[in-house]
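Here the structure is laid out as structure tokens; the discussion comes afterwards.
The values are calculated or read from the model by the stated rules, or taken from the named source; none is laboratory data. Owing to the predicted nature of the structure, the values given are computational and were not obtained by experimental measurement. Positions of Cβ are backbone-derived with ideal geometry, glycine not excepted, and every protein chain shown enters the neighbour counts. Surface areas here come from the heavy atoms of the whole protein model, side chains and all, with no ligands, DNA or RNA. Shrake-Rupley method; radii C 1.70, N 1.55, O 1.52, S 1.80 Å.
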Amino acid sequence: MDDKDFQATVREVLTNLKTIVKIPVGISNHHIHLTENDYKKLFPHEAIKVKKELNQPGEFASEQMVTIKGPRGKIARVRILGPFRSHSQVEVSLTDARKLGIKVPIRLSGNLDNTPGIDLESEYGSLHLNDGVIVAKRHIHMSEKEAALLGVKKGDTVSVSVDNAERPIVFQNVEIRPGKNFKLEMHLDTDEANAGNISGKSFGKIIS
């Protein structure tokens, strides 16, 4: 087998592998990431408390929740996720954004340029964020080894099929987000999950 034939065989194997790997689906409700300083403004005398460990290593849902307020409405009991970040960020769905009365761009986490702000309120204090509100772009977390095995890299986009009896659905433009310690999981927001009637333990597969 010459080099061209070998490379073609490798590509064929990787393509076939993508279509059989089951990707767990994680559904993200609206939530907040805060800097330590912003957290202390909302909870000045209360340390952040872990309620539940999340699937991605080192990340957790905290006991603390706040109300987010926009020009037209508010959403109560929005949970803070940890650990603390270098920039505060609020993730909502498009349905949430309409309720709040703000126009929110679809972005990957951390891409916060030219994003709207919002008001946060706890029982101890309030805070206005000048920016940081996004609708999270659908994406797949995976380890660097899994990315290499599947033949994908950071920034690639794929289409993922999620099959169920009542409402099978294909999500396009799903961005690949590899990391050294990431666990394989596709993240959707509640609007996307509802569109596919996805709940509980669900799995997708890369189809292109």
Region 107-139 - residue that is of a type in the set (D, E, K, R) and surrounded by fewer than 14 Cβ atoms within 10 Å (Cβ to Cβ) and, of those, farthest from the chain's Cα centre (by Cα): Glu123
Any idea which residue in region 64-83 is nearest to Tyr124 (Cα to Cα), counting only those that are loosely packed, with under 15 Cβ neighbours inside 10 Å and touching a residue at least 12 places away in the same chain (Cβ under 8 Å)? Arg77
Inside region 151-164, can you point out the residues that are surrounded by 19 or more Cβ atoms within 10 Å (Cβ to Cβ) and closer than 26 Å to Ser199 by Cβ? Val158, Val160, Val162
Exactly one condition in (1) over 17 Å from His187 (Cα atoms); (2) open to solvent by 60 Å² or more (accessible area, probe 1.4 Å); (3) in contact with a strand residue (DSSP E or B) (Cβ under 8 Å, 6 or more places away or on another chain); (4) not in a helix (DSSP H, G or I) is false for Lys99; which is it? (4)
